[in-house]
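Written out below as structure tokens is the structure these notes cover.
The values are calculated or read from the model by the stated rules, or taken from the named source; none is laboratory data. Predicted model, so just to flag it, every value in this text is computed and none were measured. For accessibility, only protein heavy atoms count, side chains too; no ligands or nucleic acids. Shrake-Rupley method; radii C 1.70, N 1.55, O 1.52, S 1.80 Å.
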Amino acid sequence: MSFPQAVTIRNQPAIPLTDADTPPNTQAPVPPVGPQQNRLQAIANSAGFHFAFIESGGSSLYSTMALKASSPEVLRIVVAIGGVETNHFSLWHDKAGNAVAQPLAGVVDPETHLTFPDLNASGGEATQTNLILPEPAKFIRGLPDVSVVRPTLDRNAGAVAAVKALTADKLFKGQSQKFFSTLMQLARAADAAHRH
């Protein structure tokens, strides 16, 4: 089963690029009322979605790494960090949902023309923005409804998958080829680890 993309964010800043994006003393009314306020809100919305994306990967990565830990001390650390990552995902999922719910739904960046739609407009549970806890996963065939936060297989949730996703998201934009080679080497080593 596949789901449509809720919001496609491309070439949209998630932090202000210049002081023109956030002039001193800019008011931030809700909902935004002018081009400057819409630009500011669109940048904030993009950050909310960006952080939710990063934290969803962290939730998967630490679960995946926990299955590889041999040392009880390492397992304790990985599981403890993983719980925090899952909590961060829930928080940022809620913040991203707030960006596409009334009174902020419909914000359009006047420079990039990115639109944040009202995801609650369909009335369906698949896009309901106030559902921050895991929902029954009807797409897992052969199992009764179960709540699943994230995948835990290396190909979808391991270190290499995380590096590829963050690279595609342009988190590392401007880094050297040596940076990418080293990062991928570390990720492959992490994915190759096995519990003894």
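Per-residue Karplus couplings for segment 102-108, computed as 6.51 cos²θ - 1.76 cosθ + 1.60 with θ equal to phi - 60°, are listed in order as 4, x, 8, 4, x, 4, 10 Hz, Gly and Pro entered as x.
Here is how the number arises for the chain: DSSP H runs of 4 or more residues each give -39500 (n - 2.57), the sum is divided by the residue count, and the result at 222 nm is -15500 deg cm²/dmol. Taking amide H as placed 1.01 Å from N in the peptide plane, D118 has its amide H under 5 Å from the amide H of G106, each at least 5 places away in sequence or on another chain. Within the accessible area of segment 86-191, the carbon and sulfur atoms contribute 57%, probe 1.4 Å, all protein chains present.
Against the compact-protein benchmark of 2.2 N^0.38 Å, the Cα-based radius of gyration of segment 92-196 scales to 1.45. Over the chain, accessible surface divided per residue gives 63 Å², non-protein components excluded, 1.4 Å probe. Note that segment 116-129 has calculated 3J(HN,Hα) couplings of 9, x, 7, 5, 7, 4, 6, x, x, 5, 5, 10, 5, 7 Hz, one per residue in order, obtained from phi through the Karplus relation 6.51 cos²θ - 1.76 cosθ + 1.60 (θ = phi - 60°); glycine and proline are x. The angle separating the long axis of helix 177-192 from the principal Cα axis of greatest extent in the chain is about 50 degrees.
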